[in-house]
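I have placed the structure first, in the form of structure tokens, so that the comments after it can refer back to it.
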Amino acid sequence: MKSNIEIQRIEKSKIDAVDFDNLPFGSVYSDHMLECDFINGEWQTPVIKPYAPISLDPAAKIFHYGQSIFEGMKAYKDNAGNTLLFRPIDNCKRLNKSAERLVIPQIPEAVFMEGLKRLLEIDSKWIPTNEGSSLYIRPFIFATGIGLHASPADDYKFVICTAPSGAYFAGKVKVLIEEKYARAANGGVGFAKAGGNYAAQFYPTQLAIEKGYNQIIWTDDNSHEYIEEAGAMNIFIRINDTLITSPTSDRILDGITRKSIIQIAKDMDIDIEVRKISVSEVIAAAQSGSLKEMFGTGTAAVISPIAAFGYKNTDYDLPTIATSFATTLKKAITDIQTNKAEDPYGWRVLI
Ligand code: PLP
Ligand code: COI
């Protein structure tokens, strides 16, 4: 591995054109990006350069065989102007887990962390300070190596780009519990953040959107009886005062927000169960009135309360609860992320 980072600064920042009071999610990009190539079996010197398109050979294997993985993280500013990350090493470890499954070379933790820190120092002004906004960070690796033979590429590119972002969902979240399509299968790549997992979700999700839903709640591919996760979030369900979430498996992404919420909930003495939860249990709870809340967790989505869900042509509305677990847990996690509360877990990382 070659070290040091080469830095090429932008001539004129684009920041003045950005309306930080009305940030969309993930569609405004900061001045710089980091690129690091894997060539001749080793990672080359990382380069931080002005955000720009990437030119690739038409035979690059990313186009044909989809060797592409990514991560999602956020940087926050606290009231004193410090830049903070949340459990960044976990993202690096998960990227490498995805890499292993897709036969992509491992990215050394030092390249990931040093590159990220330097990029955030250079684009520090791009980290929003408005409540609910943050700098969304997208590290990714894809196959640049060429060849039409269906085998792993020789060469890859690691990139980090960043996007000052507001909320992932605008308005109420309505989800559809899937009965036919599957996101992932046993022995497959569901646990990895592989680009192809998301491409495969688009068609059924589009069908759900046409019916008025925002996202799908995926069920197990075999029986479609058990709740797994949503398109970009893990799912928590509150029945009476018990919070339930599915165990992770090779079909479900091991969400960093999910595991943080499980820990925080335990420490708040919220009764939490990590176990399989069937669709019929959720429907029975909705019918009896014991279904109190459903919410999704994720880096982009933070904690997104679900207002209603659909199943077999019936819609079920969730009640509005004054002191919901979603609100309490969202405050607890975002206070840790933004340095408004103590961090007894050591999750917050100061840049
Ligand atoms: N599940 C899927 C499919 C996702 O894409 C994400 C987003 O990263 C999550 C769950 C939540 O994971 P995390 O909390 O690590 O962002
Ligand atoms: C994230 O929450 O960071 C994700 O990667 C989800 C993404 C599909 C927006």
Just to verify a result, which residue in the range 168-192, among those that are charged (D, E, K, R) and surrounded by fewer than 23 Cβ atoms within 10 Å (Cβ to Cβ), is farthest from residue 293 (Cα to Cα)? 180
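Which members of the range 327-337 meet the condition of being in contact (Cβ under 8 Å) with a residue 40 or more places away in the chain and open to solvent by less than 30 Å² (accessible area, probe 1.4 Å)?
Applying the first criterion (in contact (Cβ under 8 Å) with a residue 40 or more places away in the chain) to the range 327-337 yields 328-329, 332-333, 336-337.
Result: 329, 332, 333, 336, 337.
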Total residues in the range 85-109, condition within 16 Å of ligand 1 (Cβ to nearest atom) and not in a helix (DSSP H, G or I): 4
Return the total of residues in the range 4-14 being in contact with a Ser or Thr (Cβ under 8 Å, 6 or more places away or on another chain) and not in a loop (DSSP other than H, G, I, E, B). 1
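Among 164, 204, 152, which is in contact with a Pro (Cβ under 7 Å, 6 or more places away or on another chain) and away from ligand 2 (no atom under 14 Å from the Cβ)? Spell out how you get there, then give the answer.
Details: 204 fails: in contact with a Pro (Cβ under 7 Å, 6 or more places away or on another chain); 152 fails: in contact with a Pro (Cβ under 7 Å, 6 or more places away or on another chain).
So the residue among 164, 204, 152 that is in contact with a Pro (Cβ under 7 Å, 6 or more places away or on another chain) and away from ligand 2 (no atom under 14 Å from the Cβ) is 164.
Could you tell me which of the residues 12, 77 is of a type in the set (D, E, K, R) and in contact (Cβ under 8 Å) with a residue 12 or more places away in the chain?
Values: 12 fails: in contact (Cβ under 8 Å) with a residue 12 or more places away in the chain.
Only one candidate qualifies: 77.
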Are any of the residues in the range 254-265 outside the structural domain of residue 77 (by TED's automatic domain parsing), farther than 22 Å from residue 26 by Cβ, touching a helix residue (DSSP H, G or I) at 6+ places or on another chain (Cβ under 9 Å) and of a type in the set (Gly, Ala, Ser)? yes
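Report whether or not residue 235 is of a type in the set (Val, Ile, Thr), more than 16 Å from the chain's Cα centre (by Cα) and surrounded by 19 or more Cβ atoms within 10 Å (Cβ to Cβ).
So residue 235 fails the test.
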The strands (runs of 3 or more DSSP E) lying wholly within the range 271-315 that contain at least 2 residues that are open to solvent by less than 20 Å² (accessible area, probe 1.4 Å) and assigned by TED's automatic domain parsing to the domain that holds residue 228 are 291-298, 302-311
Check the range 195-202 and report whether any residue there is surrounded by fewer than 18 Cβ atoms within 10 Å (Cβ to Cβ), in contact with a Gly (Cβ under 8 Å, 6 or more places away or on another chain), modelled with pLDDT of 95 or more and hydrophobic (A, V, I, L, M, F, W, C). yes
Within the bounds of the range 208-221, is there any residue that is within 16 Å of ligand 2 (Cβ to nearest atom) and either open to solvent by 30 Å² or more (accessible area, probe 1.4 Å) or not assigned by TED's automatic domain parsing to the domain that holds residue 330 (or both)? yes
Any residue at all in the range 98-111 that is more than 26 Å from residue 31 (Cβ to Cβ) and among the charged types (D, E, K, R)? yes
Residues satisfying the stated conditions in the range 111-155, i.e. within 30 Å of residue 61 (Cα to Cα) and part of a loop (DSSP other than H, G, I, E, B): 144, 145, 147, 148, 149, 150, 151, 152, 153, 154, 155
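The values are calculated or read from the model by the stated rules, or taken from the named source; none is laboratory data. Treat the numbers as computed from the prediction; the structure is a model and nothing was measured. A quick note on method: Cβ atoms are made from the backbone with ideal geometry, for glycine too, and the neighbour counts reach across all protein chains shown. Protein only, heavy atoms only, side chains kept; ligands, DNA and RNA dropped before computing areas. Shrake-Rupley method; radii C 1.70, N 1.55, O 1.52, S 1.80 Å.
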